Amino acid sequence: MSAEAPAKLTHNEEIKAAIPTLAGTIAATFNDPANDHFSDDDNQFLKFHGSYQQDDRDLRKTGKKYIMMIRGRIPGGVMTAKQYGVFDTLASKYGNNTLRITTRQSIQFHGVVLSGLRPLVKAINESLLSTLAACGDVNRNVLAPPTPAYTKAREQVYADAHKVAMALAPETKAYHSIWIDGVQIDNDAAENKNFVDPLYGATYLPRKFKVAFVIPPVNDLDLYTNCLGFIAVVENDNLIGYNLAVGGGMGRSHGNEATYARLADVIGFFTPDKVVEVAKAVLTIHRDFGDRTDRKHARLKYVVAERGVKFMQDEVNKRAGITLAPNTPYKFTTTADLLGWRKAVDGSWFLGLFVSMGRVKDAGGAKMKTALRHVADAFQGVEFRLTANQNIILANVSEEDKHPINMLLAAYGVKTENQTTILHAASMACPSLPTCGLGLAESERYLPGLIDRLQKVCDDLGLGSEEIIIRSTGCPNGCARPYMAEIAFVGKAPGRYQVWLGGNASGTRLNRVWKDVMKDPDIENELRPVLARFAKERNANERFGDWCDRVFLNEQPAAAN
Ligand code: SF4
């Protein structure tokens, strides 16, 4: 009897092995002015450099217009005012004049044509930030708690997040060569052909890898949705260690039950001196055990789900040279950002600014892009912090700067108090159409209007001041973390959404699918009776997501996943 042939590696694995520096022919392509797009293989390499090739889907009927998305690598989402100013200029000069804050505390540029790509990336590097590894089969932007409101230990946690971000960066020299020098390296030269990254090896990871740090009780970056999570344990404002969480992830595919959203398991406690070793241990477990034959089954969450917690504990202990201790008790209470002016624990001020759908732009009466640019230019000591809820915090504001910043923002129509409605503040959407090639339905351009419609339903039912976390994505990949929302709309086709209910406010429970397909015009009529029952039957202070999980969903027939 012949042994079964090993499953074939994916095409991505083959091209990584063939060009382990990840150089592809990217530099050669943009050095020829006749080119307006990259080859399919270069598009895969491009991701490691922080960019996706896309095309404007609104224009497809009249032909294909190639545009690039470029994402910064901004550990913990912390930028100096000067760096923010650079990003603002680049968005106007090369992008579509907007800055898109992402759920990973980064900024994306949309609508960049090929000729603008290199000068844009070069300028980001000159600002001492990078785009390397913002996408691709590597560690992505590391998340860190953005708010200075709760504990001085945030500084220690942020420093660890920064340390881990640097330690997990790939070392290829192709990045510098392409984007700074503009030179195509020789892929056939022995040193390039045989390049092996000291951490990632020659073929990097089977898929992306996501790391987050959080300080309970605040879970403002949905820690359990990450491959690797560090839950800070703080005593008397001092960091004493981390509970380690592994194996979270949002992405799934419609109609494929072998793919699913998963919350991370918390597998033990360790002291902060080992944070880099532990990060490398978990990353290399993904490198060594992740599925390289099926990209839909390649995330670390499937390794953890299939091999179990004990396997992960043993491997982490062995690779990091530690012995994980039992978890230290903790509790999460909220995933929300603090909006408006607040006092930081060090006595300075900070301002949480709501950014609708994460899109910083000048629109209508509110010229947020211009206003923030003026703040960045005039108040160089202010730190710009991007939140994983796609908002901005202006931090390190002195008492004397608070009023002038308020006046400046007000002059451009940007509110600092009562910034938006309770439903909008708790909402989040992925970009989807017209830029994302995977979008099956509208998301960013759709959700604000849908929220206004649902607000009317809530007002009618006496639920007008009820916070309900509502998220949408254009496809099941889950970029806006829809499977944690109290109500989620996940695109299936134009104007059609799968509807999920039952997430919670602390980000500790996955929601469940309620309706496999709902047409846009039916949404209010479908949700109204559910919200009406909630209004009547809820326990005191019970949230919509909790009631759905406790009562409503248990009465519903199982819906397709
Ligand atoms: Fe694109 Fe899907 Fe991510 Fe939305 S969730 S940005 S449609 S990949």
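Summed over the range 431-469, the residues that are surrounded by fewer than 23 Cβ atoms within 10 Å (Cβ to Cβ), within 16 Å of the ligand (Cβ to nearest atom) and hydrophobic (A, V, I, L, M, F, W, C) give a count of 6.
Take the conditions within 26 Å of the chain's Cα centre (by Cα), in a loop (DSSP other than H, G, I, E, B) and free of Cβ contacts under 8 Å to residues at least 60 places away in the same chain and apply them to Asn477. Does it pass? Taking the combined requirement at face value, the residue does not satisfy it.
Does Ala153 count as modelled with pLDDT of 95 or more and farther than 28 Å from Arg292 by Cβ? Yes. Residues that are under 28 Å from Gly201 (Cα atoms) number at least 3 in the following helices (runs of 4 or more DSSP H) confined to the range 1-118: 11-18, 26-30, 40-48.
Each row is one residue, and each column tells you yes or no for (1) without any contact (Cβ under 8 Å) to a residue 40 or more places away in the chain; (2) under 26 Å from Ala505 (Cα atoms); (3) in the same structural domain as Gly111 (by TED's automatic domain parsing); (4) among the polar types (S, T, N, Q).
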| residue | (1), (2), (3), (4) |
| --- | --- |
| Glu383 | no, no, no, no |
| Ile393 | no, yes, no, no |
| His403 | yes, no, no, no |
| Ala410 | yes, no, no, no |
| Ser432 | no, yes, no, yes |
| Leu438 | yes, no, no, no |
| Glu444 | no, yes, no, no |
| Pro448 | no, yes, no, no |
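So is Leu283 in the same structural domain as Tyr242 (by TED's automatic domain parsing) and farther than 24 Å from Arg471 by Cβ or not? Taking the combined requirement at face value, the residue satisfies it. Residues that are assigned to a loop (DSSP other than H, G, I, E, B) and crowded, with 21+ Cβ neighbours inside 10 Å were ranked within the range 399-430; the one that is nearest to the ligand (Cβ to nearest atom) is Cys430. One residue alone among Lys310, Lys280, Lys331 is touching a residue at least 24 places away in the same chain (Cβ under 8 Å) and assigned to a helix (DSSP H, G or I), and that residue is Lys280. Filter the range 354-374 for residues that are of a type in the set (A, V, I, L, M), under 20 Å from the mean Cα position of the chain (by Cα) and in a helix (DSSP H, G or I) and give the result. If the condition is that a residue be of a type in the set (A, V, I, L, M), under 20 Å from the mean Cα position of the chain (by Cα) and in a helix (DSSP H, G or I), then Met357 is the only one that fits. Evaluation of Asn504 against the conditions (1) away from the ligand (no atom under 16 Å from the Cβ); (2) buried (at least 16 other Cβ atoms within 10 Å of the Cβ); (3) free of Cβ contacts under 8 Å to residues at least 60 places away in the same chain; (4) not in a loop (DSSP other than H, G, I, E, B) shows that the sole unmet condition is (4). Under the condition of being farther than 19 Å from Arg543 by Cβ and within 14 Å of the ligand (Cβ to nearest atom), the residues counted in the range 473-495 number 13.
The number of residues in the range 283-307 being of a type in the set (Val, Ile, Thr) and assigned to a loop (DSSP other than H, G, I, E, B) comes to 1.
The values are calculated or read from the model by the stated rules, or taken from the named source; none is laboratory data. Predicted model, so just to flag it, every value in this text is computed and none were measured. Virtual Cβ from ideal backbone geometry, glycine too; neighbours counted across all protein chains shown.
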